[in-house]
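Since the structure comes first, as structure tokens, the remarks are kept for the end.
The values are calculated or read from the model by the stated rules, or taken from the named source; none is laboratory data. Note that the coordinates shown come from a computational prediction; the quantities given were computed from them, not determined experimentally. As a convention, Cβ positions derive from the backbone with ideal geometry for all residues, glycine included, and neighbour counts pool all protein chains shown. Quick note on the areas: whole protein, heavy atoms, side chains included, nothing else; ligands and nucleic acids left out. Shrake-Rupley method; radii C 1.70, N 1.55, O 1.52, S 1.80 Å.
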Amino acid sequence: MGDGDGSGRPTGPRVVEGSVRPLGALPVRRLLPRRACRRVGAWVFLDHFGPTDGSAMHVPPHPHIGLQTVTWLLEGEVEHLDSLGSRQVIRPGQLNWMTAGEGIVHAELGRHGRAHGVQLWVALPREAAHGAPSFAHHAALPEVVRDGARVTVLAGTVAGATSPAVTHTPLSAADLRLDAGTDLAWSLEPAHEHGVAVLEGEVVVAGHALAPGVLLYLPPGTPAVQLVATGPARLMVIGGAPLDDELVLYWNFVARSREEVVEAVARWRNGGFARVPGYDGPGLPAPPEPAPTLRAVAPWGPSEGSP
Ligand code: MN
């Protein structure tokens, strides 16, 4: 694929293979970050987990810095607890939007056996990366029905509807449920780059037959894509203004230097993050020290081993 501006950013669509790794019995497809595509706008992480029965997720308390976490369920229920004292059950159709800023700790506890959903991270821009943490639960989101697609707007403005989620860079995210036989020209913001992930069924997107487990990257300057579904299907479209900052992702941290990561690891190991009220039990163990070679990287171009 060509490279139009010397940044390494593709000039056309790129199919990015996700990895599959289990979290206990829960299958998790990691679609971001990947070597072939580290981010889409400020979206730096996308895990598609499930669907599965009988293996409710149980993620003990762990810290985040420098990012926002976004939780969106297709099935099941998850209870969220955090160090601000938030205690919130999320169900399908609802959105949890947590801003870590300088630091927050949360636990995620599946309440029923069924588990199917998506967790994304948004990198905060430099001026917000060390801000105050916050947690928002949106019990209902704007929906638009158009040409065989039922669209829920998670972030930004999509199809004329705007999500209440607070963003710090221009971003969008939408969940699209397609009826069998849908053949739809889906408009995109041409100034943004986009990623398309099929969550259920199969969809031909811009001529690429996609199933769960891959991300289709679309560079800026893409005004629309054709979505064709022969059977019922569900997909997520994320987008955002390119974020060219050099970032380092390590464990649950998004930072701009290795030193910042080392400090955060030590802070967690030494009990320097706030506790999660109402959770009895230990948090996740601290990760090892990052390798000396760990460094912040731009979205495209050489990685020296970073994903
Ligand atoms: Mn987390």
Residues of region 57-96 being within 12 Å of the ligand (Cβ to nearest atom) and of a type in the set (Asp, Glu), in sequence order, are Asp82
Flagged in region 98-120 as open to solvent by 10 Å² or more (accessible area, probe 1.4 Å), closer than 21 Å to Trp43 by Cα and in a strand (DSSP E or B), in numbering order, are Thr99, Glu108, Gln119
Pro92 vs (1) open to solvent by 10 Å² or more (accessible area, probe 1.4 Å); (2) farther than 25 Å from Arg177 by Cα; (3) part of a loop (DSSP other than H, G, I, E, B): all pass except (2)
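Would you pick out the residues in region 137-160 that are within 21 Å of Asp183 (Cα to Cα) and of a type outside the set (Val, Ile, Thr)?
The answer is Glu143, Arg146, Asp147, Gly148, Ala149, Arg150, Ala159, Gly160.
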Reported set for region 50-77 where residues are hydrophobic (A, V, I, L, M, F, W, C) and at pLDDT 95 or above is Ile65, Leu67, Val70, Trp72, Leu73, Leu74
If you go through Leu249, Leu235, the only one that is in contact with a Phe, Trp or Tyr (Cβ under 8 Å, 6 or more places away or on another chain) and under 26 Å from Thr167 (Cα atoms) is Leu249
Review point. Does region 128-139 contain any residue that is at pLDDT below 95, more than 15 Å from the ligand (Cβ to nearest atom) and either open to solvent by less than 10 Å² (accessible area, probe 1.4 Å) or assigned to a loop (DSSP other than H, G, I, E, B) (or both)?
Key: no
Of the residues in region 97-117 that are among the aliphatic types (A, V, I, L, M) and within 13 Å of the ligand (Cβ to nearest atom), the one that is nearest to the chain's Cα centre (by Cα) is Met98
Here, strands (runs of 3 or more DSSP E) confined to region 1-85 with at least 2 residues that are closer than 30 Å to Phe273 by Cβ and open to solvent by less than 10 Å² (accessible area, probe 1.4 Å) are 26-32, 43-52, 58-64, 67-75, 78-82
Flagged in region 176-206 as of a type in the set (Asp, Glu) and in a loop (DSSP other than H, G, I, E, B), in numbering order, are Asp179, Glu189, Glu202
Evaluate region 156-178: report whether one residue or more is open to solvent by less than 60 Å² (accessible area, probe 1.4 Å), within 16 Å of the ligand (Cβ to nearest atom) and hydroxyl-bearing (Ser, Thr, Tyr). no
Exception for Ala209 within (1) crowded, with 16+ Cβ neighbours inside 10 Å; (2) assigned to a strand (DSSP E or B) falls at (1)
